[in-house]
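Novice: This is the structure I want to talk about, given as structure tokens.
Read-outs: derived from the displayed coordinates by stated rules, not from any lab. Bear in mind that the values here come from a model prediction, so they are computed numbers and not experimental data. A quick note on method: Cβ atoms are made from the backbone with ideal geometry, for glycine too, and the neighbour counts reach across all protein chains shown.
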Amino acid sequence: MSKPRILVARAVFPETIARLEQHFEVASNQSDDSWSKAELIAQLQGKQGVFTTGSERIDAELLAACPELKICANMAVGYNNFDVDAMAAHGVVGTNAPDVLTETTADFGFALLMATARRIAESEHFLRAGHWSKWSYDMFAGAEIHGSTLGIIGMGRIGQGIARRGAHGFGMKVIYHNRSRLDAALEAECKASYAGKEELLKTADHVVLVVPYSAASHHTIGAAELALMKPTATLVNIARGGIVDDAALAVALREKRIAAAGLDVFEGEPKVHPDLLTVPNVVLTPHIASATVPTRRAMAELAADNLISFLTGRGPKTPVTPVPAVPSGAR
Ligand code: GLV
């Protein structure tokens, strides 16, 4: 029997490709060429599965043009590149890569918070540029972390990881806002208490965003929300571009309406709003919150597991869409 055919849409670990090749006929974009939608559709002809990385848009137009496609496996926990309704309508399964990146991403969220509040990037640029001629008492004085109030918007697994770090490691008072409240035991374990969004924005010294992107969460933080925050507050976005109105944030940072921001994700990335590139009080990183080698390996393995499990008739491991009753491997 011939092997199912899959496409790996971006460069990934050679070991992952080798593993997939044991089960599938694999076409892969190991040169990491940037494909247009038309090129992606052309590459997907005759393929039953695709390994995506979160940047390939899977929508109704693509699905209609790729009738043999049965599964899209994202090497990312976020899956806002999937039109899940269109996938369900076409009977195509989508999977993501949860859990394996939780602690690593929470570490990074905390690192970005520290770098932002304590002005690490800004002061390093100052030093490298040769501007450090003498010590002064208020040089790069930043915001306190320990003992301050941490507000987390989006209290899923990563948000909970950040809460634990803040509460247990730094003695922070943790408040959170989420679609639904955590149960009492989890709140107690995270030492976190529920707050309305407005209350959180008004009282937190540091606001960290970990909410998934959807039409409903678009611009969760815009000019009105920034206006509620303390002028001494920091804002950290490790969620998705589009959760923050980047243009409004650049204005708030320039006018010092909030103290500083740390951003790992951007609207329209890899493009970055030009005004963010010129304000000093923002730390910018290129969407690397899950980027440690072991975690990226685990994410790639989980995406591969999903393809292998589903296309060999055992069902997907971490689906984010309805799963058709008849596994595609059996078709
Ligand atoms: C990264 O942003 C992910 O969703 O895994």
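Novice: Within segment 119-200, which trypsin sites (Lys or Arg not before Pro) sit in a loop by DSSP and count at most 14 neighbouring Cβ atoms inside 10 Å? Please list the in-between numbers first.
Specialist: Details: sites: ARG119, ARG128, LYS134, ARG157, ARG164, ARG165, LYS173, ARG179, ARG181, LYS191, LYS197; in loops: ARG119, LYS134, ARG179, ARG181, LYS191.
Filter output for segment 119-200: LYS134, ARG179, ARG181.
Novice: Lysine pairs in the chain with Cα distance under 24 Å, only those 8 or more apart or on different chains: how many are there?
Specialist: Lysine pair count for the chain: 21.
Novice: Let me ask something else about it. Taking every DSSP beta bridge that has both residues in segment 117-216, what percent is antiparallel when rounded to the nearest 5? Mind showing how you got there, number by number?
Specialist: On the way: 0 of 12 bridges.
Bridges in segment 117-216 are about 0 percent antiparallel.
Novice: A follow-up question, please. Can you find, among SER214, ALA291, LEU307, the residue farthest towards the positive end of the dipole of segment 198-331? Put +1 on the C-beta of Lys and Arg, -1 on that of Asp and Glu.
Specialist: About the Cα centre, the residue reaching furthest to the positive side is LEU307.
Novice: Could you give the longest part of the chain that holds none of the GluC sites (Glu not before Pro) found in DSSP loops with at most 16 neighbouring Cβ atoms within 10 Å? Could the numbers behind the result be given before it?
Specialist: Numbers: sites that count: GLU68, GLU144, GLU255.
The longest uninterrupted stretch comes out as 145-254.
Novice: Which one, GLY171, ILE158, ALA64, is farthest towards the positive end of the dipole of the chain when Lys and Arg carry +1 and Asp and Glu -1 on their Cβ?
Specialist: In the chain, that residue is GLY171.
Novice: Take the alpha carbon gyration tensor of segment 1-43, find the square roots of its eigenvalues, order them as a ≥ b ≥ c, and report rounded if a/c is under 1.5; if not, report prolate when a/b exceeds b/c, else oblate. Don't skip to the answer; put the middle values down first.
Specialist: Working: a/c = 4.20, a/b = 1.38, b/c = 3.04.
It is oblate, given that a/c is not under 1.5 and a/b is not larger than b/c.
Novice: With charges set only on the Cβ (+1 for Lys and Arg, -1 for Asp and Glu), what does the dipole of the chain come to about its Cα centre, in debye to the nearest 20?
Specialist: On the way: 32 positive and 35 negative charges, 87 e Å.
Here the size comes out at about 420 debye.
Novice: Once each part is reduced to its C-alpha centroid, what is the distance from segment 1-58 to segment 225-243 in angstrom?
Specialist: Segment 1-58 and segment 225-243 have Cα centres separated by 36 Å.
Novice: Note down the Stokes-Einstein diffusion coefficient of segment 1-114 in µm²/s, whole number, using a Kirkwood radius over alpha carbon pairs, 37 °C, and 0.692 mPa s.
Specialist: Values: Rh = 15.0 Å.
In µm²/s, the coefficient is 219.
Novice: A further question follows. Could you point to the residue in ALA248, HIS90, PRO316 farthest towards the positive end of the chain's charge dipole, with +1 and -1 charges on the Cβ of Lys/Arg and Asp/Glu respectively?
Specialist: Projecting each Cα onto the dipole axis, the largest value belongs to PRO316.
Novice: About the Cα centre of segment 223-264, how large is the charge dipole given +1 on each Lys and Arg Cβ and -1 on each Asp and Glu Cβ? Please answer in debye to the nearest 20. Provide the component values of the computation, followed by the final result.
Specialist: Details: 5 positive and 5 negative charges, 33 e Å.
Computed charge dipole of segment 223-264: roughly 160 debye.
Novice: Out of the trypsin sites (Lys or Arg not before Pro) in segment 221-310, which ones are loop residues according to DSSP with at most 13 other C-beta atoms within 10 Å? Kindly include the intermediate steps, with their values, before the conclusion.
Specialist: Values: sites: ARG240, ARG254, LYS256, ARG257, LYS271, ARG296, ARG297; in loops: ARG240, LYS256, ARG257, LYS271.
Answer by residue number: LYS256, LYS271.
Novice: May I ask what percent, to the nearest 5, of DSSP beta bridges between residues of segment 11-147 are antiparallel? Can you show the working numbers first?
Specialist: Numbers: 0 of 8 bridges.
That works out to approximately 0 percent antiparallel.
Novice: Could you tell me the center-to-center distance, by alpha carbons, between segment 255-293 and segment 63-115 in angstrom?
Specialist: Cα centroid of segment 255-293 versus Cα centroid of segment 63-115: 22 Å apart.
Novice: Follow-up. Sticking with the crude label model, points 7 Å out along Cα→Cβ, report the distance from ASP138 to TYR194 in nm, one decimal please.
Specialist: Here the modelled spin labels are 4.3 nm apart.
Novice: To continue, here is another question. Is there a quick way to get the dipole size of segment 75-167? I mean about its Cα centre, with the Cβ of Lys and Arg at +1 and of Asp and Glu at -1; what is the value in debye to the nearest 20? Could the numbers behind the result be given before it?
Specialist: Working: 7 positive and 9 negative charges, 72 e Å.
About 340 debye.
Novice: DSSP H helices in the chain with Cα extent of 20 Å or more along the helix axis and mean Kyte-Doolittle hydropathy at least 0.0?
Specialist: Numbers: long enough: 102-117 (22 Å, 0.76); 293-311 (27 Å, 0.49).
Counting only whole DSSP H runs, the qualifying helices are 102-117, 293-311.
Novice: Report the Rg/Rh value for the chain, based on alpha-carbon coordinates and the Kirkwood definition of Rh. Write down the numbers at each step before the final one.
Specialist: Numbers: Rg = 21.7 Å, Rh = 21.2 Å.
Radius of gyration relative to Kirkwood radius: 1.02.
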